[in-house]
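Let me begin by presenting the structure, written as structure tokens, before commenting on it.
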Amino acid sequence: MVRGDGKGSVFLVWRKKEPSGIFDIYAQHYVATQLQSFTQLEPFDMDSAFSPVVAVNGSSVAIAAWYYGGNEQDVYANVWR
């Protein structure tokens, strides 16, 4: 999932399968001409995370959200300011 703020900042959020077979959520921020290092947003290894989404406003505030869990799913989110 990729979203930009219209001013040159871009936020990327994706789901990655780990060696354990569990899916985790990662994010990366591109500012002007520099790609920042990626960050693991969801480090829990008991269940998979899925359906990541990201939204960003014109002030470069971004929110990523995703589902986590097996039979009983929870919604997690992270905010960048």
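The values are calculated or read from the model by the stated rules, or taken from the named source; none is laboratory data. In this text the structure is predicted, and so the values were computed from the model without any measurement. Note: ideal-geometry Cβ built from the backbone for every residue, glycine included; neighbour counts use all protein chains shown.
Inside segment 1-36, can you point out the residues that are in a loop (DSSP other than H, G, I, E, B), free of Cβ contacts under 8 Å to residues at least 12 places away in the same chain and either touching a Cys at 6+ places or on another chain (Cβ under 9 Å) or under 16 Å from residue 62 (Cβ atoms) (or both)? Result: 36, single match.
When the criteria are applied in full, residue 31 fails the requirement of being at pLDDT 95 or above and closer than 14 Å to residue 4 by Cβ.
Under the condition of being surrounded by 14 or more Cβ atoms within 10 Å (Cβ to Cβ) and in a strand (DSSP E or B), the residues counted in segment 40-49 number 1.
If I filter segment 53-76 for residues that are touching a Pro at 6+ places or on another chain (Cβ under 7 Å), surrounded by 11 or more Cβ atoms within 10 Å (Cβ to Cβ) and β-branched (Val, Ile, Thr), do I get at least one hit? Looking for residues that are touching a Pro at 6+ places or on another chain (Cβ under 7 Å), surrounded by 11 or more Cβ atoms within 10 Å (Cβ to Cβ) and β-branched (Val, Ile, Thr), one finds none in segment 53-76, hence no. Within segment 37-58, the set of residues being touching a strand residue (DSSP E or B) at 6+ places or on another chain (Cβ under 8 Å) and touching a residue at least 40 places away in the same chain (Cβ under 8 Å) comprises 52, 53, 54, 55, 56.
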